[in-house]
Amino acid sequence: MTSNKQPEVNIGLVGHVDHGKTTLVQALSGEWTDQHSEEMKRGISIRLGYADATFRRCPEAEEPEAFTVDEHCDDHDVDTDHLRTVSFVDAPGHETLMATMLSGAAIMDGAVLVISATEPVPQAQTEEHLSALDIIGIDNIVIAQNKVDLVDEERAMQNYEQIQEFVEGTVAEGAPVVPISAGQEANIDLLIEAVQSEIPTPERDPDEDARMMVARSFDINRPGTTWDDLMGGVLGGSLVGGQLDADDEIELRPGREVEEGGKTEWQPVTTTVRSLQSGGDFVDTVTPGGLLGVGTGLDPAITKGDALAGQVAGPPGSLPPVHETFTMDVDLLERIVGDDGGEVDEISTGEPLMLTIGTATTVGSVTSARDDECEVALKRPVCAASGSKIAINRRVGARWRLIGVGTLR
Amino acid sequence: MKYSGWPEPGELVVGKIDEIEDFGVFVDLDEYEGKRGLCHISEVASGWIKNVRDHVNEGQTVVAKVLDVDESAQQIDLSIKDVNDHQRKEKIQEWKNEQKADNWMELAFGEDLDDETYAAIANELLAEFGSMYDGFESAAIHGKDALEDVDLSEEEIDAIVQTARNNVSVPYVQVTGYVDLSCPESDGVDIIKEALQAAEGNGEVPDEIELEVTYVGSPEYRIQVQAPDYKTAEDALEESADRAAKVVEQHGGSGQFHRERSEDDE
């Protein structure tokens, strides 16, 4: 089930907590993406989980049965043909982890919306995640109606109708709904067929400057490592443009906070690419699509614990500006997404907002709000180009709720 | 090695019980050539003694305190009861060590070493170190440097050092400390590696010190020092951390030494 080619597309798995996203990743890739100790303990995804899967086709079988992730078809005793390798971004479905899901959405080329057949539709995060896809502009969507093995046919049909009703008027309208059981690995072939037709590999321009959205950063050294085996910090994320080669010099923005002469400022971090990992293999070159690991020459203390998540990386001098304040055009939703679904009030001066731009999530204070635009002072700066989409979240009760989308001026 | 002279009053001696009489026991002194002492029944054990054999057996090795020495009468008075457990253990260990040292002398200079040469070398070691064993131990730890004040030939010194290095198990102490290192440079990991290599001494640490530096969890690195004594170990530990900190500080980074492990905040 392992992938043997570099992934060429990123597909998000989104949906409500415990609807089976991580189980589906495992069925497709053979990898369990919850590897953080707290995730194992609580049985929910906390950080973005990554896993690659290679879609294959049995040359002897009829479609859709021909679609598989296995290298060998036992029914026809033949090796299967490679179609493409995709990278799955398993975003957390728990309500308190919405910011992480939004940062994951920034690197998705399409999405599989996982909806459990055992619960009424929509659940809170199902609705919120779909709104996020809408905001970020992801419209290549497949709906996986999961856990159909746990309900009878009548209940499954009812649930199917609820799904159709729910997606009406959204980016997911008209998306295929595939009944599956991730736990039993049933109808995975149908799901692969739907993904193949609905989520194509985007056109890429290999000549543009490399641009990487950093979603995770790690220190991969194990306790007891001696100095000669010490490895530099690792960045995890996705290349959204250009091409990245081993030994390339890269710059990370906004970089790191430095205190000089009594005041703090953000300085870009530069380093060299020491290794590239894509599709589970070390490679010399990566192109957009899929999730990649970039081994750097940085001190692992700088990258540990996702410290550089939300940064943008690329050749020095090629990155968009860093903003500590910015003005954005605002497009508010009519209603707050989620359980209570109250109306969305206008943004007011002085209120705090949680903003997600690319893979960066930061809190900003509104310094000026008028009509359809507002100015925000950020607690932590972001690197973003004019026209970037911004997911806007407001504090409602005890948590942040998605209330609209902004466009960076 | 057996001494040819007489023991001093107050000295602890090791001997084997040779004869048991109603009035006391005769003890052959293992460390003194042809010397025998008497331990009166009242000095065998505390309290009333009905039968000496209830307390000691023939052939038993004992540690006794020398009460009195009368060279003209060829008499040595001993006390077994005046020796406490701690003294007994320590003296037995010392005696065993000297037996080992005796063996090492044979290994170093051959079995046919004449008594005169043996005595000359042994006396040099005794004068400098207090015992032959301590002389060999010091040679194992510090090499030739340990014997620079001893009046022995180059060949004799080499033989002692070689034998000591091959046979003496040195009593090391181990201390641990931690150093936090971070460096913001683009090749920060290389500078950290250079700092850790410096912490390990770049091959210039004295032979008696063993240094190992390992990663705990960035920015924290563990320094473990093994040395013959705590003073040496503590000094080596701090010097190691200083060397590492100096390297990262030269590159705009920071280094900080601390004895206890930091609480993991992850």
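The values are calculated or read from the model by the stated rules, or taken from the named source; none is laboratory data. Note that the coordinates shown come from a computational prediction; the quantities given were computed from them, not determined experimentally. Because the Cβ atoms are built from the backbone with ideal geometry, glycine has one as well, and the counts that use them run over all protein chains shown. With ligands, DNA and RNA removed, areas are computed over all heavy atoms of the protein, side chains included. Shrake-Rupley method; radii C 1.70, N 1.55, O 1.52, S 1.80 Å.
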Loss of accessible area when A meets B, both sides summed, Å² nearest 100, probe 1.4 Å: 1900 Å²
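Equivalent ellipsoid semi-axes for the protein assembly as shown, as square roots of 5 times the alpha carbon gyration tensor eigenvalues: give them largest first, rounded to whole Å.
Semi-axis lengths for the protein assembly as shown are 78, 30, 25 Å.
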Could you pull the accessible area for B:HIS258 with a 1.4 Å probe, rounded to 10 Å²? 40 Å²
Using 0.36 nm per residue of separation minus the Cα-Cα distance, give me the extension gain between A:GLU249 and A:GLN184 in nm, one decimal. 18.8 nm
Structure shown: which of B:LYS35/B:LYS89; B:LYS16/B:LYS50; B:LYS89/B:LYS231; B:LYS16/B:LYS81; B:LYS89/B:LYS144; B:LYS16/B:LYS100 lie over 24 Å apart, alpha-carbon to alpha-carbon? B:LYS89/B:LYS231; B:LYS89/B:LYS144
What fraction of the Cα pairs in the range B:12-82, stated in percent, has a spacing above 20 angstrom? 19 percent
Going by accessible area, probe 1.4 Å, with all protein chains left in place, what is the ranking of B:TRP48, B:TRP95, largest first? B:TRP48, B:TRP95
Could you give me the ³J(HN,Hα) list for the range A:154-168, computed from phi with Karplus coefficients 6.51, -1.76, 1.60 and θ = phi - 60°, whole Hz, x at Gly and Pro? 4, 5, 5, 5, 4, 4, 4, 5, 4, 4, 4, 5, 5, 7, 4
What is the Cα centroid distance between the range B:220-266 and the range B:128-155, reported in whole angstrom? 32 Å
Per residue, how much accessible area does the range A:322-408 have with a 1.4 Å probe, in Å²? 45 Å²
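Contact order normalised by length for the range A:300-375, with contacts defined as Cα pairs under 8 Å and 6 or more residues apart; what percent is it?
29 percent
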With the alpha-carbon atoms as the only input, what is the per residue convex hull volume for the range B:86-167 in Å³? 92 Å³
Kindly identify residues of the range A:259-307 having a loss of at least 50 Å² in accessible area between the isolated chain and the assembly of all protein chains, probe radius 1.4 Å. A:ARG274, A:ASP299, A:LYS304
Relative contact order (percent, whole number), the range A:211-314, Cα cutoff 8 Å, 6+ residue spacing: 41 percent
Using only Cα atoms, what Kirkwood radius does the range B:54-209 have, in angstroms? 19.9 Å
Gap in Å between the Cα centre of the range A:242-320 and the Cα centre of the range A:370-405? 25 Å
Given the options B:GLU128, B:GLU21, B:GLU31, state which has the largest fluctuation in a GNM of chain B using a 10 Å cut-off (strictly under) for Cα springs. B:GLU21
Taking the Cα atoms only, what angle lies between the long axis of helix B:230-250 and the longest principal axis of chain B, rounded to 10 degrees? 10 degrees
Find the cysteines in the protein assembly as shown that fail to meet the 4.7 Å Cβ criterion with every other cysteine, and list them. A:CYS374, A:CYS383, B:CYS39, B:CYS183
Accessible surface ranking that places the most exposed of B:SER262, B:SER138 first, with a 1.4 angstrom probe: B:SER262, B:SER138
Simple spin-label estimate for B:GLU106/B:LYS89, 7 Å along Cα→Cβ, in nm, reads 2.9 nm
Residues whose placed amide H lies under 5 Å from that of A:ASN146, excluding near-sequence neighbours: A:ILE115, A:SER116, A:ALA117, A:ILE180
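Please give me the summed charge of the neighbours of A:ASP284: other residues whose Cβ is under 13 Å from its Cβ, Lys and Arg +1, Asp and Glu -1.
Every neighbour counted, the sum reads -3.
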Quick one: pull the percent of accessible area on the range A:322-408 belonging to carbon and sulfur, 1.4 Å probe, ligands and nucleic acids left out. 44 percent
What accessible surface, in Å², does a 1.4 Å probe find on B:LYS89, ignoring ligands, DNA and RNA and rounding to the nearest 10? 150 Å²
What are the ³J(HN,Hα) couplings of the range B:20-29, residue after residue, when phi is run through the Karplus curve with 6.51, -1.76, 1.60 and θ = phi - 60°? Round to Hz, x for glycine and proline. 10, 10, 5, 8, x, 10, 9, 10, 7, 7
For chain B, averaging the sequence separation of alpha carbon pairs under 8 Å that lie six or more residues apart and dividing by its residue count, the contact order in percent is 13 percent
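Can you pull the percent of the range B:86-167's accessible area that's carbon plus sulfur, 1.4 Å probe, other chains left in place?
Within the range B:86-167, the accessible surface is 40 percent carbon and sulfur.
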